[in-house]
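Scroll down for the structure; my scribbles are underneath it.
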Amino acid sequence: MAADQPSRGRAIRELIALALAVVVGTVSPARADYSFVPVPEFITDPNEGNTYGLMAVFMFLDENNEIQYLLAPDARYNSTKGFFPTFRLFGYPSSTRRYQIAIGQSTTKDNDYEGEYYDRGLLEGKAFLRAKGLYENDSTERFFGFGNNSHESNEANYTSRTIDGWVEPGYWVVPKIYVSYKMRIIRYSVSRGQVSGLPFLTAPRLLRDPETNTVNRGLEPGHYFSHRIDVGYDTRDSIDLPTQGALSLIYFDVADRALGSSTSYTKFGLDARGYMPLRGEKKNPILAMRANLDYVTGPSDTPFWQRSALGGRRSLRGYNGDRFIGFNRSLASLEFRTNVYQRRLFGVKAELELAPFVDAGQVFKDVHTSPINDLHWDYGLGFRGIVRPQIVAFVDVGQGSEGLKVITGIDYPF
């Protein structure tokens, strides 16, 4: 969803191949502070299908042999999106600061232009700042209808156009507790997709919400000016690669017609994550746990892309992205992350991690409905390539009630 998936469009699935190349050790670095790795790309995705290409990865190391900059341009081909070259730059100038830039344009209608910045060391470590800007067209989006029991046979295709910008300053009230404010402006519109064999999202039977018996206004362009407050408790030993500790936060998010938004809504919820090493100082394996409750209150015409969703790389990994859509959602995940191989290659320490996982979740109508009475389940195995202290590339193979799904990306799912 445009509002519920801020990470959409920024995932670089091709870094999985880089992680595998690092583990195998098929290429040697030119110098101690610089490495070049040509990476063949063979990517599969529940929405996009198969993609083929070639990525040129340049890793620039600092005096500690840690990645300071990573340049990863590529050229790839997909039968739906066509030829899609993309330039990517990742910067890690310090242990508390990072940024990334992506510029991609296909020969059809897809593109991806984005920049993101994060500094968690402001005011001598007492404050942080996050910011992101995104312009994206994705012609492989899916919609299956509303509710926790929507049918897979109703699958439809559309193109999403997202213009999104937000800034989030935060302050540590005490060493473990922070408060942040996020101001966001987003415009989202829908047009005909490019996936052959699937209907365009126009059928009234698909857009009719059975819970409200109204036809959703999701096909109309919409814009929102939202304001969000987070209160968090964070004891993780690392934001990028946590091995112990916990993160718990509550949030409150609001947009209103009186402030220029297309409709009014209120969002609130809870996100809790925990990381427990099972072998003391070795911190291997690690039991990773997550639980979410997300609520949206708004009128019956609240667009489907502003509601809660389940499915895909950050939630139910055995289902298509945004497979289930409703006002509210519950989600729980459990992973058993085990480091099985490590070797120093290309001047960096490369690791391979296996992670059996299980997910459960559902969407539901209102705050009075039980969040656990009709759960969808999946299970699977994750393969993670890690270059410390900040890079994770993953392949998650998940099995749900609708078959096997393979999802790739960067960063941990949670």
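Structure above, values below:
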quantity: Residue within the range 77-96 that is open to solvent by 60 Å² or more (accessible area, probe 1.4 Å), over 20 Å from GLY53 (Cα atoms) and assigned to a strand (DSSP E or B) present; calculated: no
quantity: Any chance ILE325 is touching a helix residue (DSSP H, G or I) at 6+ places or on another chain (Cβ under 9 Å) and not aromatic (Phe, Trp, Tyr); calculated: yes
quantity: Filter result for the condition that a residue is closer than 22 Å to SER401 by Cβ and among the polar types (S, T, N, Q), over SER308, SER300, SER264, SER226; calculated: SER308
quantity: Residue match in the range 255-262 (condition: within 22 Å of LEU331 (Cα to Cα), of a type in the set (Ser, Thr, Tyr) and at pLDDT 95 or above); calculated: no
quantity: Residue in the range 55-64 that is crowded, with 18+ Cβ neighbours inside 10 Å, part of a strand (DSSP E or B), modelled with pLDDT under 80 and over 25 Å from the mean Cα position of the chain (by Cα) present; calculated: no
quantity: Among residues of the range 352-390, those that are at pLDDT below 90 and among the β-branched types (Val, Ile, Thr), counted; calculated: 2
quantity: The listed residue being more than 25 Å from HIS223 (Cα to Cα), open to solvent by less than 50 Å² (accessible area, probe 1.4 Å), polar (S, T, N, Q) and touching a Phe, Trp or Tyr at 6+ places or on another chain (Cβ under 9 Å), out of ASN320, ASN339, ASN328; calculated: ASN320
quantity: Residue in the range 322-338 that is over 20 Å from ASN292 (Cα atoms), of a type in the set (S, T, N, Q) and modelled with pLDDT of 95 or more present; calculated: yes
quantity: Of all residues making up the range 383-407, the number that are of a type outside the set (Gly, Ala, Ser), under 27 Å from HIS151 (Cβ atoms) and either in a strand (DSSP E or B) or without any contact (Cβ under 8 Å) to a residue 12 or more places away in the chain (or both); calculated: 7
quantity: THR26 being surrounded by fewer than 12 Cβ atoms within 10 Å (Cβ to Cβ) and either modelled with pLDDT under 85 or assigned to a strand (DSSP E or B) (or both); calculated: yes
quantity: Residues of the range 150-182 satisfying the condition of being acidic (Asp, Glu) and either assigned to a strand (DSSP E or B) or more than 30 Å from LEU375 (Cβ to Cβ) (or both); calculated: ASP164, GLU168
quantity: Matching residues in the range 346-366 - criterion: being farther than 24 Å from GLY318 by Cβ and open to solvent by 50 Å² or more (accessible area, probe 1.4 Å); calculated: LYS349, ASP366
quantity: Hits in the range 247-304 - residues which are exposed (fewer than 15 other Cβ atoms within 10 Å of the Cβ) and under 19 Å from the mean Cα position of the chain (by Cα); calculated: LEU270
quantity: Matching residues in the range 156-198 - criterion: being open to solvent by 70 Å² or more (accessible area, probe 1.4 Å) and either under 19 Å from LEU219 (Cβ atoms) or of a type outside the set (A, V, I, L, M, F, W, C) (or both); calculated: ARG161, ILE163, TYR171, PRO175, LYS176, TYR181, ARG187, ARG192, SER196, GLY197
quantity: Count - residues of the range 123-155 that are open to solvent by 30 Å² or more (accessible area, probe 1.4 Å), closer than 24 Å to GLY49 by Cα and of a type in the set (Gly, Ala, Ser); calculated: 1
quantity: Residue within the range 218-228 that is free of Cβ contacts under 8 Å to residues at least 24 places away in the same chain, buried (at least 17 other Cβ atoms within 10 Å of the Cβ) and of a type outside the set (Lys, Arg) present; calculated: no
quantity: Pairs with Cβ under 6 Å, 6+ apart, first in the range 163-178 and more than 11 Å from ALA131 (Cα to Cα) and of a type in the set (D, E, K, R), second at pLDDT 95 or above and not in a strand (DSSP E or B); calculated: LYS176/THR235
quantity: Subset of the range 134-149 (residues that are in contact with a strand residue (DSSP E or B) (Cβ under 8 Å, 6 or more places away or on another chain) and either part of a loop (DSSP other than H, G, I, E, B) or among the aliphatic types (A, V, I, L, M) (or both)); calculated: LEU134, PHE144, GLY145, PHE146, GLY147, ASN148
quantity: Hey, SER106 of a type in the set (Gly, Ala, Ser) and surrounded by fewer than 15 Cβ atoms within 10 Å (Cβ to Cβ) or not; calculated: no
quantity: Selection from the range 367-394 of residues that are open to solvent by 60 Å² or more (accessible area, probe 1.4 Å) and aromatic (Phe, Trp, Tyr); calculated: TRP377, TYR379, PHE383
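The values are calculated or read from the model by the stated rules, or taken from the named source; none is laboratory data. What you see is a predicted model; the values in this text were computed from it and never measured. Don't worry about glycine lacking a Cβ; one is built from the backbone with ideal geometry, like all the others, and counts go over all protein chains shown. Heavy atoms of the whole protein, side chains included, go into the accessibility calculation; ligands, DNA and RNA do not. Shrake-Rupley method; radii C 1.70, N 1.55, O 1.52, S 1.80 Å.
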